[in-house]
Structure formats: structure tokens, C-alpha cells
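> Pasting a structure below so you can have a look.
Derivation of every value follows stated rules applied to the coordinates shown; laboratory data play no part. Small disclaimer: the values here were computed from a predicted structure and weren't measured. Counting neighbours? That spans all protein chains shown, and the Cβs are built from the backbone with ideal geometry, glycine included.
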């Protein structure tokens, strides 16, 4: 399970040198938390199948249809 | 006379130009007059160059008069989302982040080159959400407004590209669709919009960073016009490393094939899902009846993984976009980004590589499910938008933390994202109106590179249903805003 903390958000933004305004931190924490909750759902539903495929970008020129 | 010209379809205009009943100069003047009159309210355009367009129209007029008619786009005026370079126009990307000298176009996008070669006339660059991302709160070049009711949203991110053909300000537009940015504006503004197969239209000269999903495609009032533009802009381009070498089908010539016996599958989770309103379901049922009356077999297919498309796209494509901006502009110009854009990009920059990798694996599974369905049926069908369009303020993205926030995230654009994740072609066509008077739309999707079937089915529906003839009467819909 991916659990988002405000500390992770602050430190990772700082690591990348992104000068986020203090009053925007709650918005970013909320957004990122929501995405990680959704990711946890995807993992619990598809995790085993995800182990069996390669993460190939879905671009077409080399495929037949 | 001028409003009569702009009310015609591109096909009708082309016939009149070909036989020299009208001049491209008249047509350009007619569109410029409507832009002058209405764009102060609708804000579909960022840059319009009337002198350049009139000069190009005079050249087209002379060429046609001397027997050098290039084809059905010769002398036809269009606009392009300001995300694609066109020499002589600034590429603003709808942002305050760039300094003026950074907006100078370095080249023509391939789509611009090809439309030039076909004789089409570029009127100008169209308004968009910042950098072609959705979720911009304050648009620096004005708030795009829906021509059916200016208090309502014109969707994102190719907002101006949807408004302009709907409002009779150009014959067609070129937009860009990563997660529905052509189909959404087409649906909400009441025009046709195509997301082509990935690789079918060159991305060269477009400024876009979600390389796994970005596609360029046309919007116009009719399927026939969209098909005609696709014939001109499709095909291999060595300057786009992910451009396909497949030959391009003749889309217009096969439009009128009967669709009797074709198997169309309604996507259960989108058409009848909990996020789809009863009103949309009712209008969609009526659209299915039209297709049945044409002899199509209406069946049903389940895509249970479709609900994961929205978060998977955010966890992968948004991370790709963030990786570009963290290196470029974000560290030293953070405050110049719109607050909606910058908080979304900041969140996307936090996605760990391990999560990105897992999301890309899950995208393969979602895509496989969609591809299997497209192999089993001639086309998939569902509403393009699952509820009626709302007023502008209510359409803005709300960040929430309620118990059902994840479900709402998944349902927000469930109707368009699965086909983006799968990178299959999908087209939105008007299917009537909601009780608030705003357009609703039906969407068809099919297997990669089979745009010809898509156009065939969409055209048959469009002609039988007749909604393409409805155009917003701006004298009526914009009267209060103009006062």
C-alpha cells in the first residue's frame, strides 16, 4: 500500500527544487493521495496480472492489426 | 449572404468554390466578420491574422480560376489549437509562462504543411487550456464559452477548436487529444471530433509531452468534413519517430456504404454506468434506435477495466508531462503557471518510478481488453459525455477527500480515457440535447487504423439522426452576454 504523507510531498518537491507555495501544499497532498488510493485499487485488482506483462508504451508502428 | 456561407458544411462550400460560384475571399471575409462580432464573448481564438488569410484566399482564387484546383480543401478556412507551430504566428500554448520571444514558431507543424499543400487557409490559432493540459482555472487569453449558452463550459483542452466550427467561425479546426481533449470539446459544443489512431497523424511541430497518448485530429460540423481533413493530414512523416508507415485509406469515398449488418457493441460500463445520468441514457437509447433502423446489430460488451483508465493515465502520462516541466520552467517560473496547472504538475512530479512502471503495466491490460473488444465487433459505441454540460465554474476540477473520491475520479472521464489508453480511433458525433439546451454526443471507437469503418458508421448515424443541421443561433444565445 502506498500511503502519502505531507512529509513525503514536501521533501520530494524540495528534492526537485520546485518552489511550491505553502498554501498550495494541501491541494497537492490531496491530489497525490487520491491518485495513490486509486493506484492501490488497481494493484489489488490487477497486481498479479501486472507482473506478467511488460510496460510497453502503447504506440503502434510496429504492430499488426 | 455571409452567414449563409458560414452555415454551409465544408463539403458544400468546396463544391461552390470548385465551380466558382463563390470565392474563397468571400468565405474568409464571412468568417472574419463572425470572429470580429462574436469572439469577444466566446474567446475561441488567441491570434487571428485576417490580412494573411485574405491574401491566401486571393491566391487560391487565382489558382482555381486558372484551372489549378487542388481538391476539396482548396480555399477552405480553418483554425488550429495554439499548441501547434505555424510560421508567422506565435505559439502561445495558452500560458503566461513563456516570454514573447519564446513563442516564435520555429517551423510549421506537419499538419500545417499538409493543409497548406491542400490549399486550406489558416485563419489563426485557437484558445486552449494551458499547455494543452486540462484543469486551467484562469485562462490568460480569455475564458472560452459555449456558443449554445455562454455561461456554460466549452470543455477542455481544445476548447477554441470546438467552439469555432460550432459558432460558424471556421469550417474546421485541428485539435489535440491526450485524454479526450478533442472529443470533449466536440461533444460539448455540438460538433464532430476525431481522435485518430496513434501514429496516423504526425505529431511533428506540436508542443506536447505525453508521448504515449498525444494525438492530433480534426473537428468540424460533419463527419464528411472530418474525413476529408483526415485524408489530407494522415500518413507517414519521418520527423515523427512514432509515425506509422501504413498507407492511408480513402475515407470520403467509403462514407456512404450501408451499415446494415454491422455489429456495434454498447460499452456497458460507460453507457449504463452509475456515473451516467438517466437523461443521457435516454438520449443514447434513442440514438441506438436510429442505428437499429439503419440495420446495424446492437449488442453489448463489458469492459470492466475501463474504470481504471483515468487514474492510470494520470499516473503515467501526467508523470511524463511533469518530467518535462520540472526541467523546463517549473523551478524558476512556478508562479507564472496557472494554479490549476501547477498543482496538478507538482502532484505528478511526485509519482515514484516504481508506480509509473506498474501503471504502464496496467495500461497494457486495459488496452488489451479494449483491443479484444474492437476485434470482436465492427465498432464500440457509448455516450461521449455521461452527463449534461455544467456552468463554467461547476465544471472546474474539484479536489476532494470524500470516501467516494476515488470512484468519482474514475468516473470523471470514463467515457473517453479508455480509448486514449488503448490508442484506438474514436469519434464523437452530436446525438441531441440535454434539458438545459446543451449538446449531447455519441462516440464510436474501433480497432487501430480502421478510421474508414468509424467514419462510415458515424456518417450513417449523422445523416439519419440529422442533428448536424442544428447550429447555435448566436443572435439569440449570446444576446444577454453581448448586452
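> Please compute the average number of Cβ atoms from other chains found within 10 Å of each residue's Cβ in peptide B:460-467.
So the per-residue partner count for this stretch is 0.
> Below 8 Å between Cα atoms, with a sequence gap of 6+, how large is the relative contact order for chain B in percent?
That works out to 17 percent.
> Now a separate question. Given an 8 Å cut-off on Cα distances and at least 6 residues of separation, report the relative contact order of segment B:330-483 as a percent. Before the final figure, lay out the partial values.
On the way: 130 pairs, mean separation 36.5, N = 154.
Normalised by residue count, the contact order of segment B:330-483 is 24 percent.
> Something else now. Under 18 Å from a point 7 Å along the Cα-to-Cβ line of residue A:6: which residues of segment A:17-34 have their amide N that close?
Output list for this probe position: A:20-34.
> Using bins 10 angstrom wide from zero, how does P(r) for segment B:199-292 break down, in % of all Cα pairs?
13, 28, 32, 24, 3
> In square nanometres, what is one fourth of the surface area of the convex hull spanned by the alpha carbons of segment B:352-483? Write out the running numbers ahead of the final one.
Details: hull surface 46.6 nm².
Mean projected area for segment B:352-483: 11.6 nm², to one decimal.
> Follow-up question, since we're still on this one. Which whole number gives the average, over all residues in B:195-208, of C-beta atoms from other chains lying within 10 Å of the residue C-beta?
What the average comes to for B:195-208 is 1.
> Roughly what percent of Cα-Cα pairs across chain B reach past 39 Å?
The share of Cα pairs beyond 39 Å in chain B comes to 15 percent.
> Over all directions, what mean area does the Cα convex hull of segment B:257-370 project, stated in square nanometres? Numbers along the way, then the final one.
Numbers: hull surface 41.9 nm².
Here the figure is 10.5 nm², rounded to one decimal.
> Kindly rank B:146-157, B:26-37 from highest to lowest mean number of other beta carbons found within 10 Å of each residue. Numbers along the way, then the final one.
Details: B:146-157: 24.9, B:26-37: 20.3.
With the highest mean Cβ count within 10 Å placed first, the list reads B:146-157, B:26-37.
> Percent relative contact order of segment B:114-260, based on C-alpha pairs within less than 8 angstrom and at least six residues apart?
Relative contact order for segment B:114-260 comes out at 19 percent.
> For chain B, what is the mean residue ellipticity at 222 nm derived from helices alone (per DSSP H run of n ≥ 4: -39500 (n - 2.57); sum divided by total residues; nearest 500 deg cm²/dmol)?
-12000 deg cm²/dmol
> Between segment B:46-94 and segment B:139-188, what's the alpha-carbon centroid distance in Å?
Computed from Cα coordinates, the inter-centre distance equals 20 Å.
> Just to be sure I understand: if I project the alpha-carbon convex hull of the protein assembly as shown onto a plane and average over all orientations, what area do I get in nm²?
23.5
> Once the convex hull of the C-alpha atoms of chain A is built, how many Å³ does it hold per residue, rounded to a whole number?
157
> Okay, next question. Rounded to a whole number, what is D in µm²/s for segment B:384-459 from Stokes-Einstein with the Kirkwood radius over alpha-carbon pairs (4 °C, 1.567 mPa s)?
90
> Taking each residue in A:8-21, count the Cβ atoms of any other chain within 10 Å of its Cβ, then average. What number comes out?
Taking the mean over all residues of the peptide, I get 4.
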